[in-house]
Structures are given as structure tokens and as C-alpha cells.
1. Report the paramagnetic label zone for ASN46: residues of the range 70-90 whose backbone N is under 11 Å from a point 7 Å from Cα along the Cα-to-Cβ axis.
2. Along the charge dipole of the range 43-126, which of VAL110, ILE91, ALA67 sits closest to the positive end, that is, farthest toward it, with unit charges on the beta carbon of Lys, Arg, Asp and Glu (+1, +1, -1, -1)?
3. State in Å² the accessible area per residue of the chain; use a 1.4 Å probe, count heavy atoms of protein chains only, and round to the nearest integer.
4. Provide THR146, THR77, THR82, THR44 ordered by accessible surface of protein heavy atoms (probe 1.4 Å), highest first.
5. Just want the answer: with Cβ charges of +1 for Lys and Arg and -1 for Asp and Glu, which residue in ALA24, HIS53, PRO120 is farthest toward the dipole's positive end in the chain?
6. With an 8 Å cut-off on Cα pairs and a minimum separation of 6 or more residues, tell me the relative contact order of the chain in percent.
7. From the backbone phi of the range 110-124, what are the Karplus-calculated ³J(HN,Hα) couplings (6.51 cos²θ - 1.76 cosθ + 1.60, θ = phi - 60°) in whole Hz, Gly and Pro given as x?
8. Give the cross-link partners of LYS99 among the lysines, using a straight C-alpha distance below 22 Å as the criterion and excluding same-chain residues fewer than 8 apart.
Amino acid sequence: MRIELTEELTEELSEAMAAAVSAAVIASAARIEGRAKEKAPVDTGNLRNSIQHRQTGRFEAEVAAHAEYAAAVEFGTGVFSTDPKANRQPIEIRPRQAKALYWPGAKHPVRRVKQLGQPPRPYLVPAAEEERPAFAAAVAKALRETAGE
């Protein structure tokens, strides 16, 4: 989610207004982080624990998941991927060192396996989209409350 304040508007903000808007941005990012952590699928907790927010500018903040596989969970993999730049092909799994793959119940030897991928389990984008109306309201309230200062 990206909401931008134009440069002309930010130049006209009083210091009190700017501080209030900046506080609203950070509070919104913290709420997005919390919602994303609630929505993130949990196996070990690594993905959930990797979600953090930080201020990147006076009126900017970033919420990101830093787990190596965060994007794969959010957007899916293989044929299920919702990423427009992704290769939507089945994923071929081959042994790294052995000559064949093994798991209980399989007809052996198995030299390779094609997997369709994993469906997306979005957590970050939905959290940001849910926050959008509250963020707009918080910025409007901050501007109204500091307009006379």
C-alpha cells in the first residue's frame, strides 16, 4: 500500500501538523505489523517474528517480512504464484547428492519429482489494505487537530 502526500502539501504543513502526520504514519505501520503477524501462517514462528516496521522518512514507513521465504508464502510458488514476474511452471525437485529421492511410501527409486508449487497465503498485503481507511482517517484527524496551531 502506498499513500503519498504531495511535496507542495508537505511544504505547507506547520511543524505541529508535520509531527502529527509523522506520528500517524508510524502508528499505522505498527498496526499493519501487528495485523500481518496475526495473519501470517505459523509453523516455527520465524515468518511471524521476521515482520517488522521502521520509519524510512519523515512521512514514510516500511513494513516488511525478512524471512527468506516470506515472498513465497505471500505470493505462492510455481503454477500458483500471483507474482507477475514469476515463472509459473511446476517445480522440479532432484536429489542434491544421492542418486534418488526417498520418502516412506514412495515407489523407489525416485530420480525427480515435479511439484506444482504452493498456493499463496497472503498476510502482509491484506493487513495493509485493511489499514488503509484507518490511516486516511488518522491523517485527516491529525491535520484537523493541528490546523489552528
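The values are calculated or read from the model by the stated rules, or taken from the named source; none is laboratory data. Because the structure is predicted, anything quoted here is derived from the model rather than measured. Reconstructed Cβ throughout: ideal geometry from the backbone, glycine too, with neighbour counts over all protein chains shown. Quick note on the areas: whole protein, heavy atoms, side chains included, nothing else; ligands and nucleic acids left out. Shrake-Rupley method; radii C 1.70, N 1.55, O 1.52, S 1.80 Å.
1. Inside the label zone: 70.
2. VAL110
3. Numbers: 10110 Å² over 149 residues.
It amounts to 68 Å² per residue over the chain.
4. Details: THR146 15, THR77 35, THR82 80, THR44 110 Å².
Most to least solvent-accessible, the answer reads THR44, THR82, THR77, THR146.
5. Checking the options against the dipole of the chain, the answer is PRO120.
6. Numbers: 211 pairs, mean separation 43.1, N = 149.
29 percent.
7. Values per residue, Gly and Pro as x: 10, 7, 7, 9, 9, 10, 5, x, 10, x, x, 10, x, 9, 7 Hz.
8. Candidates past the 8-residue exclusion: LYS107, LYS114.
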